[in-house]
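Following: one structure in structure tokens, then a few remarks.
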Amino acid sequence: MTAASPAVPARKGAALGWLRRLGTPKIIIILVVAGVIGYLALVPLYYLIWGTFFDANGFTLGGFARAYGDPRVGGMIGNSLWFAVGAAVLSLCVGTALAYLNVRTDVPFKGLFFAASIIPLIIPGILYTIAWIFLASPDIGLLNKVIEPIFGPGFLDVFTVWGMVWVEGLHLSPIVFLLMVAAFRSMDPSLEESALMSGASRWQVFRRITVPLTRPAIVAAVLVMVVRSLESFEVPALLGLQNGIYVFTSRIYFVLRSYPPDLAAAGALAVGLLVLAVIGVAISNLVGRSGKTYQTVTGKGFRPRPMELGKWRPVMGGAIVLYFFLTVVGPLLVLLYTSLLKFYQAPSTEAFASMSLDNYRELFHISDATTALRNSLVLGLGSATLVMVLMAVGAWIVVRSRIPGRQLVDHFSFVPLVIPGLVLGLALSFVYLRSPVPIYGTIFILLIAYCTRYMPYGMRYAVTSMHQISAELEESAQVSGASWWQTFRRVLLPLLSPGLLAGWIYILVVSFRELSSSILLYSPGNEVLSILIFEQYENGQFTVLAALGVVMVLTLAVLVIIAYKLGAKVGLRQD
Amino acid sequence: MNTAPPLSGRRMPAKRAVVSGSALVLLLAGCGGSPTATAPQATTAGGPTAAEKLYAEVNGMTGQQRRDKLVPLAEKEGALDLYTSMTSDVADVVINAFEDQYNVTVNLYRAGSETVLQRVVQEQKAHYQGNDVVETNATELFDLNTEGVLATYDGERRRMVPDAGRQEGWTATRFNLFAPSWNTKLVTPDQAPKTWEDLADPKWDGKLSMELSDSDWYLTLYGYWKKQGKTDDEINKLFSDMATGAKVVKGHTVQGQLLSAGQFSVAASNYSYIVEQAKAKGAPVDYLPYVEPVIARPNGIGLMKTAKHPAAAMLFTDWLLQEGQAVLVKEGLTPAIVEGDDPLKDVEIIPIDVQELTKNGDEWNKRYDQVISNGEQVEGN
């Protein structure tokens, strides 16, 4: 393609030039990406909004009355916020600390804990939660048995809001970890080093230099965590209900359970979340927008160098070992232990004597197990790649371009986060059952569902990384004659790669667990792993389920390690 | 490639591009009208469908004549699209047995009963012929029949099903039995509950588990007690006493698992087959002797008016009510048609009040929700 020629007559030239400019790869790509993001978000949003505000008789607010009219709504909102904010804070602290230690210091056991810190993400929520019941229930908890001589019986109680915060916070911490790892990777350590040279203590450096520089990532993490915890179902259902602790999602569950599902009430609750999320996105952009403050990847060459912990090294190493024992090894051991039994029982000589590999053997007899594994892999790899590619461009539009209305792209990409999975499934089946293109009943409808569901995460990962990259790098590439596409591909993509890779891994891993929309949309031959898990669960085969969980953890851990080994070859390198 | 166009002058087209892009999207989303507000209705506006004509013809036939008519037609159709909420371990066995007997390939979609209902309704509204037969819980079948998508099925096998399982549009194939179960390490046979009223005993405070969604169990037991001459106040007090200190669990599987593990001593309303499975594996749980009356929730089968493979659909239905019954028994389920020795003949069984559930289901859901959430008394009606 060429630049507009000035030789043609004025009016015709203007029209032609306009067309040509419109036809540049940049415009086409931006158009397509914005269109796709808008389309993916608006289909379910439209369905939700229509269902919320309109019934057979026209406009109505009845859904809000039913959703928020419950006399317990006050306590419910209180519980929800306590739970969500608590889990968000916990996951933020844990995830950030781990990421910092991992990327920026010479802490020991790095190789071990990098892969291991992803494990809570891989374990299906229901298994992770039940594993914690077996560990910290006041009645049967194994940890309680261990500490009973010191603290007395039933010291730990997982069936409280604090217990819920603990389990959810730990389960979510890998999202923060991945986000913050990307942020720390792209940070110029010379800023911290100068502060240290000027006599600041390590804590001061962390508080005054490190944290402010990664603020966009922190804000993104808090935002995603709060919304995620508000929506989380397994933890409140299994831990909260037992003692009558009701949260937001318990309501969504109740209103969707009736037939026909009360979409209006579910929508009213989702709209509440949406308002919260939009405010959050606005704040995060306001924070991220304040110019060059966070741009740590600039024209100046730098290599992130690990900080020496000195005498703190063994202490931190010990803390990490303890952390992993508590949050990863503990639940995983419970799963492994359960997967070898015929039925769950507290450890005893009897229990150990009855152990066998029968549950693993049974896995091979599950029909469609290989089909499901293949489909899950195809869908996971496909949706992770598609989403991250789209969101890389999307993030450029939001952060870097000056296009009016660019914030809409950001808002749209966030919409699916607040849409309950079942509603998304209903919306997609509604649209594609009527679409002339035969997508319904194929694996593509699942791909569309996954891309929609994980778009918000992809966008947060991409935007966060984009905030850290200085515009001067692009400008110099363009001044040197590179096209927009060349600049994007050869300058921006490599610099964004830590963030994009983190998002990719996150989506790959969680897509293996997606159930709420898959179950409505799959068709014979397109089963996925999460559906097998659900079936084993429904069959009451908890021990087989545990075996399946162990196999999933191993499979995904291998994939994640490979991804990181490959990822280490591109992007910023460490010494 | 190309040279970089000047930086200025790029804004306007880009702006228009995005604006028109979103307009297009809005337009796309806008067509098609209201997705949710339209009242559901039967897809067959006109006369009977081809499938219905076949059903009507075969409904009058009996015995071998009926099979002889259906088998060649079904094998010519070659396939059967089945949607069910049967658990996969049972479904696999059932389908294999059917496929062994007839040259018909079964395409299986399996999900929870609520999802099966959603799926069928969505497809029917869009005139999409997804399934030929649906096999799921009574409540969902009742809703499907209300939607007008189920066809009339009749025959000698249907007439052998108990009254409660012979509903308009569907026929019961099996029953799920609700009965209290207990952990035998924590509860001796003497202490085990003997009547439903026993569950209200304060000795179970903090040791009894109730399930989040068992409002059908609740309404049936409520109706039973009412018939026994208890007043609303007495009944409400019983449930409220049960709920006091009760540990609420979501899902019968989890409930069974935690019962085996000893997280609580007694589960109020688990399915007997879940407990039986655990017991067979050696878990310290039991539900026998039954607390009576056992409350039975029918699961049934319905033929779709829009079936693509009507003969296969009908053959499968006949088969499930005949040969299939033995397969279900072997899988530990309670069949709809009992032939020969009935292991439950001395047990009082009452079916879920499906009529009441469908009419006032939401009301009962709310009341049960209130009962289990705060153990407070609910306004009687």
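The slack between residue B:62 and residue B:237, meaning 0.36 nm per residue of separation minus the straight C-alpha distance, is 57.9 nm. Here the spin labels are modelled as points 7 Å beyond Cα on the Cα-Cβ line, and at residue A:203 and residue B:101 they lie 7.7 nm apart. Annotation for the range B:239-287 versus the range B:340-367: alpha-carbon center distance of 20 Å. Once the gyration tensor of the Cα atoms in the range B:192-318 is diagonalised, the equivalent ellipsoid follows with semi-axes of 32, 21, 13 Å, ordered largest first. A Förster radius of 25 Å combined with the Cβ-Cβ distance from residue B:323 to residue B:163 puts the calculated FRET efficiency at roughly 0.60. Per-residue accessible area (protein heavy atoms, 1.4 Å probe) orders A:142, B:259 as A:142, B:259, starting from the largest. Each part gets one Cα centre, and for the range A:141-183 versus the range B:118-134 those centres are 44 Å apart. Ligands, DNA and RNA left out, the 1.4 Å accessible surface of chain B is 51% carbon and sulfur atoms. Between residue A:82 and residue A:59, the simple label model (points 7 Å from Cα in the Cβ direction) yields a spacing of 3.9 nm. Taking all Cα pairs closer than 8 Å and separated by 6 or more residues, the relative contact order of chain A comes to 22 percent. Accessible surface area normalised per residue over the range A:46-180 is 35 Å², counting heavy atoms of protein chains with a 1.4 Å rolling probe. Pairs with C-alpha atoms separated by more than 31 Å, drawn from the list A:145/B:237; B:203/B:250; B:185/B:330; A:342/B:308, are A:145/B:237; A:342/B:308. In the context of the full protein assembly, residue A:106 retains an accessible surface of approximately 50 Å², using a probe radius of 1.4 Å and ignoring ligands and nucleic acids.
With a Förster radius of 45 Å applied to the C-beta separation of residue B:280 and residue A:145, the computed FRET efficiency comes to 0.95.
Extension gain for residue A:444-residue A:243 works out to 68.2 nm (0.36 nm per residue, less the C-alpha to C-alpha distance). Beyond 31 Å, how much of the Cα-Cα pair distribution for chain B remains, as a whole percent? Value for chain B: 46 percent of Cα pairs lie more than 31 Å apart. Considering the zone a paramagnetic label at residue A:551 would reach in this model (a point 7 Å from Cα along the Cα-to-Cβ line), which residues of the range A:339-375 have amide N under 15 Å from it? Of the residues in the range A:339-375, A:339-340, A:357-375 have backbone N under 15 Å from the label point off residue A:551.
Using just its DSSP H runs of length 4 or more, each adding -39500 (n - 2.57), the protein assembly as shown gives a mean residue ellipticity at 222 nm of -18500 deg cm²/dmol after division by all residues.
Close amide H contacts of residue B:285 (hydrogens built in the peptide plane, cut-off under 5 Å, sequence separation of 5 or more or a different chain): B:184. When the alpha-carbon atoms of the protein assembly as shown are used, the pair Rg, Dmax equals 30.0, 103 angstrom. For the range A:329-376, the carbon plus sulfur part of the accessible surface works out to 67%, probe radius 1.4 Å.
A Förster distance of 41 Å, applied to the separation of the beta-carbon atoms of residue A:357 and residue B:50, puts the FRET efficiency at 0.20.
Counted as membrane-span-like here are DSSP H helices of chain A whose alpha-carbon atoms extend 27 Å or more along the helix's own axis and whose Kyte-Doolittle mean is 0.5 or above; these are A:25-53, A:73-104, A:161-185, A:263-289, A:369-395, A:443-468, A:542-567. Chain B packed on chain A takes about 7200 Å² of accessible surface away from a 1.4 Å probe, both sides summed. I want to verify a result. In a Gaussian network model of chain B, Cα cutoff 10 Å, which of these has the top mean-square fluctuation: B:68, B:362, B:341? Highest fluctuation among the options: B:341.
The values are calculated or read from the model by the stated rules, or taken from the named source; none is laboratory data. Keep in mind that what you see is a predicted model, and the values were worked out from it rather than measured. We place every Cβ from the backbone using ideal geometry, glycine too, and count neighbours over all the protein chains shown. With ligands, DNA and RNA removed, areas are computed over all heavy atoms of the protein, side chains included. Shrake-Rupley method; radii C 1.70, N 1.55, O 1.52, S 1.80 Å.
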